[in-house]
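First comes the structure, then the notes that go with it.
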Amino acid sequence: MKKLTLISILVFCSNGWTSNHSDLDPTINKHQSEFENIAMQIWDLAEVGYQEYKSSKLLQDSLKNHGFNIQNNVANIPTAFIAEYGSGKPVIAILGEFDALPGVAQSASPFKESYKDNQAGHACGHHLFGSGSAWSSVVIKDWLIANNIKGTIRFYGTPAEEGGSGKVYMVRAGLFNDVDVALHWHPGSVSHARPRTSNSNKSAKFSFKGISAHAASAPEQGRSALDGVESMNMMVNLMREHIPQDSRIHYVITKGGLAPNVIPDDAQVYYYVRHPKRKMVENLFERVVKAAKGAAMGTGTEVSYEVMHGNYPLMPNDTLQRIMHEKLSDRGGITYSSSEVEFANEIFKTFLNPSAEIGDQKNILPYETTHGYGSTDVGDISWLVPTGGARIAAWVPGTPAHSWQAVASGGTTIGLKGTKLAVQVLSETAIEIYLNPSIAEKAKAELLVNVGEDFNYVPLLGDRDPPLNYRN
């Protein structure tokens, strides 16, 4: 083992290496103001998927200034990039997202506000995710230098997680082929590092074409594209009775016409299909496609569809999750100041069904396998690279993701406190792997058992190009 120049940074215990906070924290604190400032700049920008040009540049510029080599425009995505430092094995990837969600007002107020100048908001906390992961990457780089440790740290700037599957295109391009371990985190209303699974999903936009005519004086001359959309929706809603109970299908009509007295010749509906198993997602998606074709036949219209994204379910890795859980438990949860408690109490008043209380953010949830019904493009990575993740309390307890309340918490010190805890956990987990590379080998062996010897990765979104304008 190489001699550490900061000998007290880690203390060897019977169960492995545990960090001495007093020695690692000065490095974390040194970079705190820079990356908190970046987080708030990205929060202000609130750029949607594949359009995060300024947010991506902020992170790239910072990491470049810290000595990282930057590869930008990777996987033919202008806002995707890789920042790398070091050489040799193990290669540890830290994932970072930075896209916002459309249709959510951007405000740090504990009261719901209407749109102002923005049409998007950071309702999933990706401004914290991206900046916190970059912050951790810099901390790890500093530690590698100070202790003369061989290894490679990579920050992956991954755009368009929200319905754009940015990571899938990066996986498809082979950008994770030599990675030994991938680590990530996500804001939430509680803290845990459980081995958590997720739903696989696939989405598509179904476009119906009809014939326009005057709805009153010449209705027989027209064929309503909106009728096609509504007929499809009716059939899919009837289909819900005959699908597995843990499935999820949801949609939004993105185009339906502009005037009631004009039969619309152009209409569109955007569908998501989810299930814990990707093969069931493919099966359900084909049934939705059949409903669309039947709707077109029945209404005298034509239909086409474009697959927008598709994600594998998360493949948990117990080897990595146990280490992250130990680091998180050792650090403990988040404690609110009096002003943060006051803010949280105002947020609580807006919940329809409060499921938590102030104090929950201080706790670390026990270690157990759970399933989340959302989806993430981290899933595709986790089937090819051992992947560990944590969910950190960066929102008021009980806050649902994709809500204005999540936007609000993420724009305050509550969100920043959670981010710092994530940096601590990510950094300490990576350090333990660098000092004990056998962890990466054990995690790889576990992954091979979990996916099976005959596993062949095929993206659910096929061979399509990244949908760079899917939010337009």
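The values are calculated or read from the model by the stated rules, or taken from the named source; none is laboratory data. Nothing here was measured: the structure is a model prediction, and the numbers come from that model. Note that we place each Cβ from the backbone using ideal geometry, even for glycine, and neighbour counts take in every protein chain shown.
Annotations for the structure displayed:
- Filtered by the rule that a residue be crowded, with 16+ Cβ neighbours inside 10 Å and either modelled with pLDDT of 95 or more or closer than 16 Å to SER56 by Cβ (or both), segment 21-31 gives THR27, ILE28, HIS31.
- Pairs where the first residue, in segment 80-99, is closer than 15 Å to PHE68 by Cβ and touching a residue at least 12 places away in the same chain (Cβ under 8 Å) and the second is part of a loop (DSSP other than H, G, I, E, B) and acidic (Asp, Glu), C-beta under 7 Å, 6+ apart: VAL91/ASP178; VAL91/ASP180; ILE92/ASP180
To keep it simple, each residue is scored yes or no on (1) touching a residue at least 60 places away in the same chain (Cβ under 8 Å); (2) of a type in the set (Asp, Glu); (3) surrounded by fewer than 22 Cβ atoms within 10 Å (Cβ to Cβ).
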residue	(1), (2), (3)
VAL252	no, no, yes
GLY257	no, no, yes
VAL262	no, no, yes
TYR270	yes, no, yes
THR301	yes, no, no
GLY310	yes, no, no
SER338	no, no, yes
GLU342	no, yes, yes
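- Strands (runs of 3 or more DSSP E) fully within segment 141-239 that include at least 1 residues being touching a strand residue (DSSP E or B) at 6+ places or on another chain (Cβ under 6 Å), surrounded by 24 or more Cβ atoms within 10 Å (Cβ to Cβ) and not assigned by TED's automatic domain parsing to the domain that holds LEU421: 200-209.
- In segment 71-87, residue surrounded by the most Cβ atoms within 10 Å (Cβ to Cβ) [restricted to those that are part of a strand (DSSP E or B) and within 18 Å of the chain's Cα centre (by Cα)]: PHE81
- Among the candidates GLU428, GLU368, residue that is surrounded by fewer than 24 Cβ atoms within 10 Å (Cβ to Cβ), modelled with pLDDT of 95 or more and farther than 16 Å from PHE129 by Cα: GLU368
- Subset of segment 190-204 (residues that are more than 28 Å from LYS54 (Cβ to Cβ) and of a type outside the set (D, E, K, R)): VAL190, SER191, HIS192, ALA193, PRO195, THR197, SER198, ASN199, SER200, ASN201, ALA204
- From the options THR299, THR319, THR335, THR350, residue that is in contact with an Asp or Glu (Cβ under 6 Å, 6 or more places away or on another chain) and in the same structural domain as PRO110 (by TED's automatic domain parsing): THR319
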